[in-house]
Amino acid sequence: MTDEDALSCLAALGHPTRLQTFRRLVEIGPDGLSTGELVDAAGLSQSTFSTHLAVLVAAGLVTPEKRGRQMIQHVDIARLQALMLFLVKDCCGGRPDLCEPLMAELACS
């Protein structure tokens, strides 16, 4: 992941509606959710939500899939993993032991 890619992802997640939507899709997992379900959960108009969704798609964090008459939105787990790796790759000046509390917290979640 390049600096530009990371900045695009972080900017996309830098809005409450987009962060909430992304986290909901991460929770749901690979099955994804329809755009309508996401709109209802966000409590926004379709057009306002579509603008937010377009930012997540442009950043590569969400991938739409046409399924019949519905659009199903999926989180791109590989993109999320790449972002997380980018953020912690040089963690703590090459001292991975400083990241152990983070890893322990993730294991308990």
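Which FRET efficiency value, to the nearest 0.05, do you get for residue 6 and residue 40 by plugging their Cβ-Cβ distance into 1/(1 + (r/R0)^6) with R0 = 22 Å?
Working from the Cβ atoms, E equals 0.10.
In nm, what is the difference between 0.36 nm times the number of residues separating residue 77 and residue 19 and their Cα-Cα distance?
19.4 nm
Over the chain, what is the relative contact order in percent, taking alpha-carbon pairs closer than 8 angstrom and at least six residues apart?
27
Stretch residue 104-residue 58 to full length: gain in nm at 0.36 nm per residue minus the Cα-Cα span?
Length gained, residue 104 through residue 58: 13.3 nm.
Label-point separation (nm) for residue 51 and residue 92, each offset 7 Å from Cα along Cα-to-Cβ?
Those two pseudo-labels are separated by 4.2 nm.
Considering only C-alpha atoms, what is the centroid distance from the stretch 1-31 to the stretch 69-109, in Å?
The two parts, judged by their Cα centres, are 12 Å apart.
Through the Karplus equation 6.51 cos²θ - 1.76 cosθ + 1.60, θ set to phi - 60°, convert the phi angles of the stretch 46-58 into ³J(HN,Hα) values in whole Hz; use x for Gly and Pro.
These are the phi-based 3J(HN,Hα) values: 4, 5, 5, 5, 4, 5, 5, 4, 4, 5, 5, 5, 4 Hz.
For the chain, what does the helix formula give at 222 nm: sum of -39500 (n - 2.57) over DSSP H segments with n ≥ 4, over the residue count, nearest 500 deg cm²/dmol?
So the calculated ellipticity at 222 nm is -18000 deg cm²/dmol.
Only four residue types carry charge here, +1 at the Cβ of Lys and Arg and -1 at the Cβ of Asp and Glu. Report the dipole size of the stretch 3-108 about the Cα centre in Debye, rounded to the nearest 20. Could you put the intermediate results ahead of the total?
Numbers: 9 positive and 13 negative charges, 77 e Å.
Value, rounded to 20: 380 debye.
Given labels modelled 7 Å from the Cα in the Cβ direction, how far is it in nm from residue 67 to residue 26?
Simple spin-label model gives 2.2 nm for this pair.
Here, each number is a calculation from the coordinates, and none is a lab measurement. Only a predicted model underlies this, so the values are computations on that prediction, with no experimental measurement involved. Cβ atoms come from the backbone with ideal geometry, glycine included; neighbour counts cover every protein chain shown.
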